[in-house]
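K.L.:
Following this message is one structure expressed as C-alpha cells.
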C-alpha cells in the first residue's frame, strides 16, 4: 500500500441515499468496484461495498467515509494507508437489550473468525472513551424504527429509506473525531426474527441477518486515516494522486466531480447506473467521458493506465 502515490489510482464513488440502481442497496456495487480494483487501486465510499454480514472489500480498495472523501477532494486532508486498525464500537443507548446482545455476539464472532482487533464497545455512545483506550477507527451502531416505506426498498428497488440518515451520522462522527468511521443500523427486537419473504436480490444481504455490523468491522480494519495537510509525509495520498473519478452517470453534481474538473482529473460517467437525480454532464454543461457500464469503465481505465487514449 505504500506505493499507492506512484500507482495509477482512481476513485469510484456511489453516493448513499439517492436510489442508485447499482450500489444503492446492500453491497451490490461490490462486483463492479472489485472489477475496477483489478485494474488499479480504488478509493471508494463505505456503503458501496458494505453488505451486512458480507463485505465487498479487498486489499486494493481504500474504504473511505463520505465526509473524508469530500475533504480529500477539497484538499483539506490526505489519506494515509493503514493496516490493522484498532476498532472501537459505539452503540446508541436506545438499542433494546436483545438487539444489543446480538451485536455484542457479532463483535465476538468477527474477532474469533477474522482476528480483527476490536478493543471494546460503549453502549452509551461515548466515542471519546474508546479513543482514549486506543481506538483508531469507529464503528457506530444507531437505532432506527422500521421505516414505513421499507417495502419500497426491499421489494421494489426504491431508495434506501435510512441511507441518508446513516450518511449524516457517519459524516458528523468523521468530522468530529478525524478517524475512519462507518455506520451500521440497529432495529427493534421484532427484527431479530428473519423474514421468509423473497427480497430484491440487491437488498437481500440485509434481510438474512439481524445485524449489519460485520461488513463495517471488516472494512474499517484496513481503512486509511484522514491526515491534515500540514502533517503529510511520504506515502500519504493526496488528490494529485488520483487519475480518474468514476461516478453514476446522472449524479455528477458533487464535490468530488467538481474537484476533479478543477484539477484536470478525468471524470467517467457510468450511464447504466441510474439514480433519482438528473445531474448528467449535459445538464451541468461539464466534460465527462460517458460509458455504458462498469465493464467499459474498467476497459477505459486499463487503457488510460497504459497510456492508450483514443
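K.L.:
Checking residue 18 against (1) crowded, with 24+ Cβ neighbours inside 10 Å; (2) part of a loop (DSSP other than H, G, I, E, B); (3) in contact with a strand residue (DSSP E or B) (Cβ under 8 Å, 6 or more places away or on another chain), only one condition comes out false. Which one?
P.N.:
Unmet for residue 18, out of (1) crowded, with 24+ Cβ neighbours inside 10 Å; (2) part of a loop (DSSP other than H, G, I, E, B); (3) in contact with a strand residue (DSSP E or B) (Cβ under 8 Å, 6 or more places away or on another chain): (1).
K.L.:
Next up: Do we have residue 246 as farther than 28 Å from residue 91 by Cβ and crowded, with 19+ Cβ neighbours inside 10 Å here?
P.N.:
yes
K.L.:
Which number in (1) out of contact with any strand residue (DSSP E or B) (no Cβ under 8 Å at 6 or more places or on another chain); (2) farther than 21 Å from residue 221 by Cα; (3) outside any helix (DSSP H, G or I) marks the one condition that residue 83 misses?
P.N.:
Unmet for residue 83, out of (1) out of contact with any strand residue (DSSP E or B) (no Cβ under 8 Å at 6 or more places or on another chain); (2) farther than 21 Å from residue 221 by Cα; (3) outside any helix (DSSP H, G or I): (2).
K.L.:
Suppose we keep only residues that are within 20 Å of the chain's Cα centre (by Cα) and outside any strand (DSSP E or B) within region 128-153. Which one would you say is surrounded by the most Cβ atoms within 10 Å (Cβ to Cβ)? It would help to see each step written out before you state the result.
P.N.:
Start the filter on region 128-153 by keeping residues that are within 20 Å of the chain's Cα centre (by Cα), which leaves 135-144, 153.
Filter again for outside any strand (DSSP E or B), leaving 135-136, 144, 153.
Working: 135: 26, 136: 20, 144: 17, 153: 24.
Residue satisfying both the conditions and the ranking: 135.
K.L.:
Mind checking which pairs have a first residue in region 238-260 that is under 21 Å from residue 228 (Cα atoms) and a second that is modelled with pLDDT under 95, Cβ under 6 Å, 6 or more apart or different chains?
P.N.:
Taking only residues 6 or more apart or on different chains, the pairs are 241/5.
K.L.:
Inspect region 272-283 for any residue being in a strand (DSSP E or B) and within 27 Å of residue 161 (Cα to Cα) and give the result as yes or no.
P.N.:
First, pick out the residues of region 272-283 that are in a strand (DSSP E or B): 279.
Subsequent filtering for residues that are within 27 Å of residue 161 (Cα to Cα) retains 279.
The answer is yes; a qualifying residue exists.
K.L.:
Let me ask something else about it. Could you give every pair whose Cβ atoms fall below 9 Å, whose first residue belongs to region 154-179 and is in the same structural domain as residue 28 (by TED's automatic domain parsing), and whose second residue is buried (at least 21 other Cβ atoms within 10 Å of the Cβ) and assigned to a helix (DSSP H, G or I), counting only separations of at least 6 or pairs across chains?
P.N.:
Short answer, once both residue conditions are applied: none.
K.L.:
Here is a follow-up. Any residue at all in region 35-52 that's modelled with pLDDT of 95 or more, touching a strand residue (DSSP E or B) at 6+ places or on another chain (Cβ under 8 Å), crowded, with 24+ Cβ neighbours inside 10 Å and part of a loop (DSSP other than H, G, I, E, B)?
P.N.:
Yes, because at least one residue in region 35-52 is modelled with pLDDT of 95 or more, touching a strand residue (DSSP E or B) at 6+ places or on another chain (Cβ under 8 Å), crowded, with 24+ Cβ neighbours inside 10 Å and part of a loop (DSSP other than H, G, I, E, B).
K.L.:
Can you tell me how many residues in region 63-80 are outside any helix (DSSP H, G or I) and surrounded by fewer than 23 Cβ atoms within 10 Å (Cβ to Cβ)?
P.N.:
The initial filter retains those residues of region 63-80 that are outside any helix (DSSP H, G or I), namely 63-65, 74-80.
Right, trim to surrounded by fewer than 23 Cβ atoms within 10 Å (Cβ to Cβ) and you get 74-76, 80.
Final tally of qualifying residues: 4.
K.L.:
Could you tell me which numbered condition residue 269 fails, if it satisfies all but one of (1) in contact with a helix residue (DSSP H, G or I) (Cβ under 7 Å, 6 or more places away or on another chain); (2) in a helix (DSSP H, G or I)?
P.N.:
All conditions are met except number (2).
K.L.:
While we're looking at this one, here's another question. With respect to residue 113, is the statement that it is in the same structural domain as residue 208 (by TED's automatic domain parsing) and either assigned to a loop (DSSP other than H, G, I, E, B) or in contact with a helix residue (DSSP H, G or I) (Cβ under 8 Å, 6 or more places away or on another chain) (or both) true?
P.N.:
Details: in the same structural domain as residue 208 (by TED's automatic domain parsing): yes; either assigned to a loop (DSSP other than H, G, I, E, B) or in contact with a helix residue (DSSP H, G or I) (Cβ under 8 Å, 6 or more places away or on another chain) (or both): no.
No: the conditions fail for residue 113.
K.L.:
Right, next: Would you check which residues across region 3-15 are touching a residue at least 60 places away in the same chain (Cβ under 8 Å), surrounded by fewer than 24 Cβ atoms within 10 Å (Cβ to Cβ) and not in a loop (DSSP other than H, G, I, E, B) and list them?
P.N.:
4, 5, 9
K.L.:
Sort out which residues of region 53-62 are in a loop (DSSP other than H, G, I, E, B) and either free of Cβ contacts under 8 Å to residues at least 24 places away in the same chain or buried (at least 22 other Cβ atoms within 10 Å of the Cβ) (or both), and write them in order of number. First the steps, then the outcome.
P.N.:
Start the filter on region 53-62 by keeping residues that are in a loop (DSSP other than H, G, I, E, B), which leaves 53, 56-60.
Listed by number, the residues that qualify are 56, 57, 60.
The values are calculated or read from the model by the stated rules, or taken from the named source; none is laboratory data. In this text, all values refer to a predicted model and were calculated from it rather than measured experimentally. All Cβ positions, glycine included, derive from the backbone under ideal geometry; neighbour counts span all protein chains shown.
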